[in-house]
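Below you'll find the structure, written out as structure tokens, and then a few comments.
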Amino acid sequence: MGFDVYAAGVLNDSLWVARESEIERLDLKTPEAQLTASSSSPATSQLVRLDASSSKPPPLGHIVSYQWDLDGDGTPDRDTGADPTTTIRPVNSGQHRVTVWAHGDRGDGVDAASMTLAVRESAAAFTASSDIPTAGEPVQLDASPSAVPVSTMIDVAWDLDGDGRFETTSGSSPRVQWTPAKRGSAVIGLRVTRSGGRVDQTARAFDVRAASPGGETGISINDGAVATNDRGVTLTVAWPLRAQTALISNDGGFGAAGATTLLPVDEQHSVAADVAGESAAASDRVCAVTPGARRTPTT
């Protein structure tokens, strides 16, 4: 068994090998840097572990220190000594380039490795125990969907009255209770402060419905009177949960054949009963039709 090596020698921290007509130089002082990350596409504020432990030492030495460029400006801003790992927590989304330099124990032997992190935008979000709440009904708000892996929501603040200020804080807890006081449109705001100082905000509109008075769906006149000859009547309405309007007729029919009125749901309405210009008689019937409810006449 033969070898084609004719000569070998060490000069200036290099191994020189002569093979036939070629001379090859093997660097003895420079390590080979390698770099990995716990996530190559983290979200903003997510803690990322950078690891250069797979770097190869020089052939006749070892790696003595690691330096890091974590802000992408091309110059080292952190030295971890012989520890081949460090962490970064990106605050802004976009392409984020990081670099490690591995230093060998022989003079100026150093090698660099880089990688680019595709940092995703974190976002604030929350759920509600009721998407269509009613006035006076407690609603549980939960900001758990705002969570980011390996990151902490340091402060969760809420704007519960729609004034743009976040007066209510649940601390690091993602949950809070909100009770709308009246029907109509209500806007709830959420502000999440994360590890590293990242802040995300969102807002969501709710259509708050009037609270149902309960009982059987329908209406009555003049505090439960069976009939009246007085055109001026007071209607007491009982509507199903989350209904918005009531269609009122004073002759038992709806549409062109009846005298109908569409009213927002409320416990009482004062109306003038009229059938073809005549006063309401004992035989006239008053009905309410509400979304999802049957017609319930009261005579």
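Of the residues making up segment 130-154, those that are of a type outside the set (Val, Ile, Thr) and surrounded by fewer than 15 Cβ atoms within 10 Å (Cβ to Cβ) are Asp131, Gly136, Pro138, Gln140, Ser144, Pro145, Pro149.
In segment 204-228, how many residues are within 21 Å of Gly136 (Cα to Cα) and touching a residue at least 40 places away in the same chain (Cβ under 8 Å)? Give the derivation first.
Applying the first criterion (within 21 Å of Gly136 (Cα to Cα)) to segment 204-228 yields 204-217.
Then keep just the ones that are touching a residue at least 40 places away in the same chain (Cβ under 8 Å); that gives 204, 206-213, 216-217.
Total meeting the criteria: 11.
Could you list, in sequence order, all residues of segment 154-175 that are among the hydrophobic types (A, V, I, L, M, F, W, C) and in a strand (DSSP E or B)? Passing the criteria: Ile154, Val156, Ala157, Trp158. May I ask you to list the residues in segment 41-53 that are part of a loop (DSSP other than H, G, I, E, B) and buried (at least 16 other Cβ atoms within 10 Å of the Cβ)? Residues satisfying the conditions are Pro42, Thr44, Ser45, Gln46, Leu47, Ala52. Can you find even one residue in segment 180-187 that is assigned by TED's automatic domain parsing to the domain that holds Gly162 and surrounded by 20 or more Cβ atoms within 10 Å (Cβ to Cβ)? Yes, there is a match, as at least one residue in segment 180-187 is assigned by TED's automatic domain parsing to the domain that holds Gly162 and surrounded by 20 or more Cβ atoms within 10 Å (Cβ to Cβ). Taking the listed residues Thr127, Thr86, the one that is of a type in the set (S, T, N, Q), buried (at least 16 other Cβ atoms within 10 Å of the Cβ) and in contact with a Ser or Thr (Cβ under 8 Å, 6 or more places away or on another chain) is Thr86, with no other qualifying. Within segment 169-179, the residues that satisfy the criterion of being surrounded by fewer than 16 Cβ atoms within 10 Å (Cβ to Cβ) and either free of Cβ contacts under 8 Å to residues at least 40 places away in the same chain or farther than 17 Å from Arg204 by Cα (or both) are Thr169, Gly171, Ser172, Ser173, Arg175, Gln177.
Residues that are under 30 Å from Met153 (Cβ atoms) and touching a Ser or Thr at 6+ places or on another chain (Cβ under 8 Å) number at least 1 in the following strands (runs of 3 or more DSSP E) confined to segment 189-245: 199-208.
In this structure, Asp108 does not qualify as more than 28 Å from Arg78 (Cβ to Cβ), surrounded by fewer than 13 Cβ atoms within 10 Å (Cβ to Cβ) and among the charged types (D, E, K, R).
When Ser14 is tested against (1) among the hydroxyl-bearing types (Ser, Thr, Tyr); (2) modelled with pLDDT under 95; (3) closer than 30 Å to Ile154 by Cβ, just one condition goes unmet, and that condition is (3). Here is the figure for segment 134-153: residues that are more than 18 Å from Arg198 (Cα to Cα) and either part of a loop (DSSP other than H, G, I, E, B) or assigned by TED's automatic domain parsing to the domain that holds Pro42 (or both) total 4. Restricting attention to segment 44-89, the residues that are within 26 Å of Lys29 (Cβ to Cβ) and of a type in the set (Lys, Arg) add up to 2.
The values are calculated or read from the model by the stated rules, or taken from the named source; none is laboratory data. In this text, all values refer to a predicted model and were calculated from it rather than measured experimentally. Don't worry about glycine lacking a Cβ; one is built from the backbone with ideal geometry, like all the others, and counts go over all protein chains shown.
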